[in-house]
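Q: After the structure tokens below, expect a handful of questions from me.
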Amino acid sequence: MESKNRLTMKKVVERFAYGCGDFGCNIIYTAMSAFLLFYYTDYAGVSAAAVGTIMLVSRVFDGVSDVIMGVIVDRTKSKYGKARPWLLRMCIPFAVSGILLFSVPTSWGTAAKLVYVFITYNLVSTVIYTAINVPYSSLNALMTQDPYERSVLSIFRNLLATAGTLIINTYTLRLVAFFGDNASAWTKAFAVLGVLAVVAFLINFFATEERVKPVIDEKTGEMEKVPFVAGVKALFQNKYWILMTVLLCLFFMMYSVNGGATVYFAKEILGDANLVTPINSTMNIAQIASMFIIAGFVKRLGKRNVFSIGLVFNIIGMLMLAFCGGNMVLIYGSSIIRGLGGACGGATMWAMVSDTIDYGEWKTGYRTEGLVNSACSFGYKIGNGLGSAMLGWILSIGGYVGSATTQSASALASVNICFVWIPVVVYAIGLVLMRFYKLDKEFDGIIEDLKVRNEEKMAA
């Protein structure tokens, strides 16, 4: 009994450690999404338009670097595995690059500042964040082939990622105020947060294990290296990878539009910009609480069905906001329902991506954890960049004027489109796409077939 309890505790610790990776990633990712533009414009004195252009152009470089990093992960050979070594190698550069991001020299001229922003933004987003996030995303599929355990790992990933988002949203401005509420205060704040990220990644590295071993070349006895072109061709023979990549692209486009429109919706539709914090906090807390009970539903219903239920919750929550009429009970009720929807998605989406790796190996003979996850990452980063641009385009078409005391009807409609109706449409498309995702039913047979193939290779 004692041995069983020890084994159970070890599993819980490993799940928590796996989630710590996304906690560390979110310290920079959330900061870039929520505060970077604000820091650039209000503290560093950099033009918002120029920064927006830099961010959009950088998405192209970022997507290419994702694919390169995916190939590197697939070809990594070390005693720690394929993905974990990169967590150890990149955690300190990750923290340092985050500090540099919020250290624009305020005494420099406009052109020099823009050069600094371009270099440091791409250093973080294109190089260092990619070099730690792609291996981390690949780790789920390398830790286990058990579909339920992958879902549980995804639950812990989402749980810790949401906790990281809450910490950044709650304490960043407080830290900045503590250090003097000036440009240098942001540098000091992210020095503190950078240490927290390093600790999270070290926990992730030391307390996890890669159990899924790479394919061994029969002739050389070495790890099989999949040619890049063959790996890419294999991706496009993997119907479930295509489906999940399209879904991720749509979802991250929607997240970018919806997230950026939150403050506009609170200010212009609900009449109080300060409602942003309670709306988001209620949703995040509901999502975290739901994570503790979602595993049983995944085991009973399957990942696809739980994901689809989450989409229905999200649609209901968005429609409640659309027709709440400023009623606070409905507003908070909407946040709770959307938190439930987010928990369903967080528990399943990344595990479903991992399952496509095994399907791809079964279908094509090539196992490419890094390339699958990096190509998915390329898709959702393109979606994220497109969403950021769409928000500005739609508000501009609607005639939104930030300095106006009263917005026109078309401007208010554009806010509603961004915050409510684009998410509703994307969630509905997700429901349609899920009708074609049948991997849950096929997965056990695929894993058994792969085991037989591997045994036959070993015997030969």
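The values are calculated or read from the model by the stated rules, or taken from the named source; none is laboratory data. Quick caveat, the model's predicted, so the values are computed rather than measured. Ideal geometry is used to build each Cβ from the backbone, glycine not excepted, and the neighbour counts take in all protein chains shown. The protein model used for the area step is the full one, side chains on, heavy atoms only, and it has no ligands, DNA or RNA in it. Shrake-Rupley method; radii C 1.70, N 1.55, O 1.52, S 1.80 Å.
Q: When the residues of segment 390-405 are narrowed to those that are in contact with a Ser or Thr (Cβ under 9 Å, 6 or more places away or on another chain) and of a type in the set (Gly, Ala, Ser), which ends up modelled with the lowest pLDDT?
A: Residue satisfying both the conditions and the ranking: Ser396.
Q: Restricting to segment 262-293, name every residue that is on the phi < 0 side of the Ramachandran plot, outside any helix (DSSP H, G or I) and surrounded by fewer than 18 Cβ atoms within 10 Å (Cβ to Cβ). It would help to see each step written out before you state the result.
A: Narrowing segment 262-293 to residues on the phi < 0 side of the Ramachandran plot: 262-270, 272-293.
Then drop every residue that is not outside any helix (DSSP H, G or I), which leaves 270, 272, 292-293.
If the condition is that a residue be on the phi < 0 side of the Ramachandran plot, outside any helix (DSSP H, G or I) and surrounded by fewer than 18 Cβ atoms within 10 Å (Cβ to Cβ), then Asp272, Phe292, Ile293 are the ones that fit.
Q: A further question on this structure: Restricted to segment 103-134, and to residues that are among the small types (Gly, Ala, Ser) and loosely packed, with under 14 Cβ neighbours inside 10 Å, which residue is nearest to Asn182 (Cα to Cα)?
A: So, considering only residues that are among the small types (Gly, Ala, Ser) and loosely packed, with under 14 Cβ neighbours inside 10 Å, the one nearest to Asn182 (Cα to Cα) is Ser107.
Q: Working only within segment 63-79, note down all residues that are in a helix (DSSP H, G or I) and among the small types (Gly, Ala, Ser).
A: Matches in segment 63-79: Gly63, Ser65, Gly70.
Q: Can you tell me which residue within segment 225-243, out of those that are hydrophobic (A, V, I, L, M, F, W, C), at pLDDT 90 or above and surrounded by fewer than 19 Cβ atoms within 10 Å (Cβ to Cβ), is farthest from Gly342 (Cα to Cα)?
A: Restricting to residues being hydrophobic (A, V, I, L, M, F, W, C), at pLDDT 90 or above and surrounded by fewer than 19 Cβ atoms within 10 Å (Cβ to Cβ), the top hit is Ile242.
Q: Still on this structure, I have one more. Being more than 28 Å from Ala189 (Cα to Cα) and either open to solvent by less than 40 Å² (accessible area, probe 1.4 Å) or free of Cβ contacts under 8 Å to residues at least 40 places away in the same chain (or both) is the requirement here; does Met90 meet it?
A: no
Q: Then there is this: What are the residues in segment 138-148 that are open to solvent by 10 Å² or more (accessible area, probe 1.4 Å) and touching a helix residue (DSSP H, G or I) at 6+ places or on another chain (Cβ under 8 Å), if any?
A: Selection gives Thr144, Gln145, Pro147, Tyr148.
Q: Another question, if that's okay. Checking the condition closer than 20 Å to Thr364 by Cβ, of a type in the set (A, V, I, L, M) and touching a residue at least 40 places away in the same chain (Cβ under 8 Å), which residue from Leu431, Leu439, Leu386 passes?
A: Leu439
Q: In segment 244-261, what count of residues is obtained for those that are open to solvent by 10 Å² or more (accessible area, probe 1.4 Å) and in contact with a helix residue (DSSP H, G or I) (Cβ under 6 Å, 6 or more places away or on another chain)?
A: Selection size over segment 244-261: 8.
Q: Among the residues that make up segment 374-381, is at least one of them open to solvent by less than 40 Å² (accessible area, probe 1.4 Å), among the aliphatic types (A, V, I, L, M) and at pLDDT below 85?
A: yes
Q: In addition: Quick one: which of Leu371, Leu412 is buried (at least 19 other Cβ atoms within 10 Å of the Cβ), in contact (Cβ under 8 Å) with a residue 40 or more places away in the chain and farther than 17 Å from Leu247 by Cα? Give the derivation first.
A: On the way: Leu412 fails: buried (at least 19 other Cβ atoms within 10 Å of the Cβ).
The conditions single out Leu371.
Q: Right, Leu153: assigned to a helix (DSSP H, G or I), within 19 Å of the chain's Cα centre (by Cα), over 28 Å from Leu123 (Cβ atoms) and in contact (Cβ under 8 Å) with a residue 24 or more places away in the chain or not?
A: Taking the combined requirement at face value, the residue satisfies it.
Q: Continuing with the same structure: Does any residue in segment 325-338 that is under 11 Å from Met283 (Cβ atoms) and open to solvent by 70 Å² or more (accessible area, probe 1.4 Å) come within less than 9 Å, Cβ to Cβ, of a residue that is part of a helix (DSSP H, G or I) and small (Gly, Ala, Ser) six or more places away or on a different chain, and which pairs are these?
A: Pairs found: Ile336/Ala286; Ile336/Gly317.
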